[in-house]
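The values are calculated or read from the model by the stated rules, or taken from the named source; none is laboratory data. All of these numbers come straight from a predicted model, not from anything done at the bench. As a convention, Cβ positions derive from the backbone with ideal geometry for all residues, glycine included, and neighbour counts pool all protein chains shown. Please note that ligands, DNA and RNA were not included when accessible areas were found on the heavy atoms of the full protein model with its side chains. Shrake-Rupley method; radii C 1.70, N 1.55, O 1.52, S 1.80 Å.
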Amino acid sequence: MQFNKCSRCGCFYTNSGDVCPNCEPKDTFEMNKLKNYLDDSDTNCSIESISYNTGISIKNLNRYFSMDTFVDYKNNVQL
Ligand SMILES: [Zn+2]
């Protein structure tokens, strides 16, 4: 059986994806929040200011920006 380590809480789980089933709702919530924030914000915002304004950790922001979902937003952000 393949075990994955959760990117959020560090526990081990067997389903696919970056995070365990417990953290999946938090990830979904934060990704929606991030999308809304980026849709409303100016271009060239820094990752620190996004983290400050959304409350999402820089570690998680970097993980979201490495996903295909956020590929279109990446140009607006100073990573
Ligand atoms: Zn987790």
For Lys33, counting only aspartates and glutamates whose alpha-carbon sits under 15 Å away and dropping same-chain residues fewer than eight positions off, the answer is Glu24
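Nearest 20 debye, what's the magnitude of the dipole of the range 23-78 about its Cα centre given +1 on Lys and Arg Cβ and -1 on Asp and Glu Cβ? Can you show the working numbers first?
Working: 6 positive and 9 negative charges, 37 e Å.
Magnitude of the dipole: close to 180 debye.
Average the reciprocal distances over every distinct pair of alpha-carbons in the chain, invert the result, and give the Kirkwood radius in Å. Write down the numbers at each step before the final one.
Working: mean 1/r = 0.0756 Å⁻¹.
Roughly 13.2 Å, rounded to one decimal.
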Calculated from DSSP helices alone, with each H run of at least 4 adding -39500 (n - 2.57) and the total divided by the residues of the chain, [θ]222 nm to the nearest 500 comes to -12500 deg cm²/dmol
In the range 6-68, taking the dipole from +1 charges on Lys and Arg beta carbons and -1 charges on Asp and Glu beta carbons about the Cα centre, the listed residue (Asn36, Ile50, Pro25) farthest towards the positive end is Pro25
Stretched fully, the stretch from Thr28 through Thr14 gains (0.36 nm per residue minus C-alpha distance, one decimal, in nm) 3.2 nm
Listed by chain and number, the residues whose amide H is under 5 Å from that of Val77, excluding neighbours fewer than 5 places away on the same chain and using placed H, are Asn44
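Over the chain, average the accessible area per residue using a 1.4 Å probe and give it in Å², no decimals. Show your work: numbers first, answer last.
Details: 5120 Å² over 79 residues.
Dividing the accessible area of the chain by its residue count gives 65 Å².
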Simple spin-label estimate for Asn75/Asn62, 7 Å along Cα→Cβ, in nm, reads 2.5 nm
